[in-house]
Amino acid sequence: MVEIKNVAIVGASGAIGEPIMKALVESGKFNVTVVKRPSSKASFPASVKVVSADTTSVESVTAAFEGQDAVVSTVGTEGLQGQQVLIDAAIAAGVKRFLPSEFGTDIANPKVGALPVFGYKIATQKYLQEALAAKPGMTYTYVSNGAFLDWGLKNGFLLDTKDGKPTIYDGGKTVFSATTLASVGQAVVGVLSHYEETKNRCVYVRDIDISQKRLLEIAQKVAPEKKWEPVNVNTVDIEKSSNEGLARGEFTIPVMVGFIFRAIFGEGYGNKFEKDDNALLGITGKTEADVEAIFKALLAGGK
Ligand SMILES: NC(=O)c1ccc[n+]([C@@H]2O[C@H](COP(=O)([O-])OP(=O)(O)OC[C@H]3O[C@@H](n4cnc5c(N)ncnc54)[C@H](OP(=O)(O)O)[C@@H]3O)[C@@H](O)[C@H]2O)c1
């Protein structure tokens, strides 16, 4: 039986990297090493070992991965394209399990996979699978968690509560799966604790299935004094406008995020998972009362 003991995480200073690192440490099951870029200004808890590596150099990253059983990549958008270096280095260092930076909607859904914003993730999966076919040994797991629930509310991504004028996509009817950052961290602990069951596949985790319509109702219940004026938009129009932006050479955040809204809220994008691995990975889920608690913290003081 393969046991994962030494785990390296790349991108641990990021939105999802930090909670995954925390979950790995707090599980008490792993020796955690953070691999950061020399330019990184981030600081990390004393309980993790920190090493620097040039993430554009296979040689440099291989040295950082020596002795690691698993590598978790949580690199953000700018780092997605460069994950081939991490894969080559992980294979060279004899790593047993690699988790690429996924942590979102299910890109195995053909409609999601065809959206330009996921191009680097699709290319990474292809590269990984071809590399492992040519040189078997390392294994992989993709973690698909739908939208980040708490992060998505805090950043106005799933429902923008700031000025009371949230954008509602496709009538707010689409039910989508969403997961808190802490539960994504727990899912990664679960993956690395269940080597065989999670080998060479995508695992699905979720805390809740919910719609924007329901999110808005909960927000209105929490802050009835606020003037709520939702703005309705259609994700077909958003996708069209993002495609037009790309055609003009605009590789901007609003253009790319438009495709993500299409994936989360558009019909037929596998928004609500048909199955999940919650039981295997130890995810117990959240209730609408938990969502209400998130809104209470966000909307405290009439914000
Ligand atoms: N499901 C959702 O709702 C959702 C939302 C947001 C993100 N995501 C996904 O979660 C994953 C991580 O995103 P994030 O927002 O957490 O990332 P992030 O905060 O933007 O960045 C994570 C870390 O990546 C490292 N990094 C940045 N540029 C890099 C580069 N060029 N090469 C190597 N490393 C680089 C940095 O770490 P150092 O400075 O320490 O090296 C950075 O702190 C992505 O796959 C993203 O698509 C999902």
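Tally the residues that are buried (at least 17 other Cβ atoms within 10 Å of the Cβ), in contact with a Ser or Thr (Cβ under 9 Å, 6 or more places away or on another chain) and outside any strand (DSSP E or B), restricting the search to segment 165-180.
3
What is the number of the single condition among (1) over 30 Å from Phe259 (Cα atoms); (2) open to solvent by less than 70 Å² (accessible area, probe 1.4 Å) that Leu80 does not meet?
Single failed check for Leu80: (1).
May I ask you to list pairs of residues, at least six apart or on different chains, whose Cβ atoms are under 7 Å apart, with the first in segment 44-60 being of a type in the set (Asp, Glu) and the second being assigned to a loop (DSSP other than H, G, I, E, B)?
Close Cβ pairs (under 7 Å, with a partner that is assigned to a loop (DSSP other than H, G, I, E, B)) amount to Asp54/Pro38.
Just to check your reading of the model, which residue among Val71, Val143, Val51, Val61 is open to solvent by less than 60 Å² (accessible area, probe 1.4 Å), part of a helix (DSSP H, G or I) and within 14 Å of the ligand (Cβ to nearest atom)?
Numbers: Val71 fails: part of a helix (DSSP H, G or I); Val143 fails: part of a helix (DSSP H, G or I); Val51 fails: part of a helix (DSSP H, G or I).
The unique qualifying residue is Val61.
Any residue in segment 6-17 that's over 13 Å from Phe44 (Cβ atoms) and near the ligand (Cβ under 6 Å from one of its atoms): show its pairings with residues that are part of a loop (DSSP other than H, G, I, E, B) and not aliphatic (A, V, I, L, M) at Cβ separation under 7 Å, as long as the two are six or more apart or on different chains.
Ile16/Thr74; Ile16/Phe103
Go through segment 24-41 and give me each residue that's within 14 Å of the ligand (Cβ to nearest atom), under 26 Å from Ser144 (Cα atoms) and either part of a loop (DSSP other than H, G, I, E, B) or open to solvent by 20 Å² or more (accessible area, probe 1.4 Å) (or both).
Selection gives Lys36, Arg37.
Would you mention how many residues in segment 181-233 are β-branched (Val, Ile, Thr), under 19 Å from the mean Cα position of the chain (by Cα) and in a strand (DSSP E or B)?
Just the residues of segment 181-233 that are β-branched (Val, Ile, Thr), to begin with: 184, 188-189, 191, 198, 203, 205, 208, 210, 218, 222, 231, 233.
Narrowing the set further to residues that are under 19 Å from the mean Cα position of the chain (by Cα) leaves 184, 188-189, 191, 198, 203, 205, 208, 210.
When the remaining residues are screened for being in a strand (DSSP E or B), the result is 203, 208, 210.
Within segment 181-233, residues that are β-branched (Val, Ile, Thr), under 19 Å from the mean Cα position of the chain (by Cα) and in a strand (DSSP E or B) number 3.
So which of Lys162, Lys111, Lys154 is closer than 26 Å to Leu215 by Cβ, within 12 Å of the ligand (Cβ to nearest atom) and open to solvent by 30 Å² or more (accessible area, probe 1.4 Å)? Give the steps one after another, and end with the answer.
Numbers: Lys162 fails: within 12 Å of the ligand (Cβ to nearest atom); Lys111 fails: within 12 Å of the ligand (Cβ to nearest atom).
None of the others qualify; the one that does is Lys154.
The values are calculated or read from the model by the stated rules, or taken from the named source; none is laboratory data. What you see is a predicted model; the values in this text were computed from it and never measured. As a convention, Cβ positions derive from the backbone with ideal geometry for all residues, glycine included, and neighbour counts pool all protein chains shown. Just the protein is used for accessible areas: all its heavy atoms, side chains included, with ligands, DNA and RNA removed. Shrake-Rupley method; radii C 1.70, N 1.55, O 1.52, S 1.80 Å.
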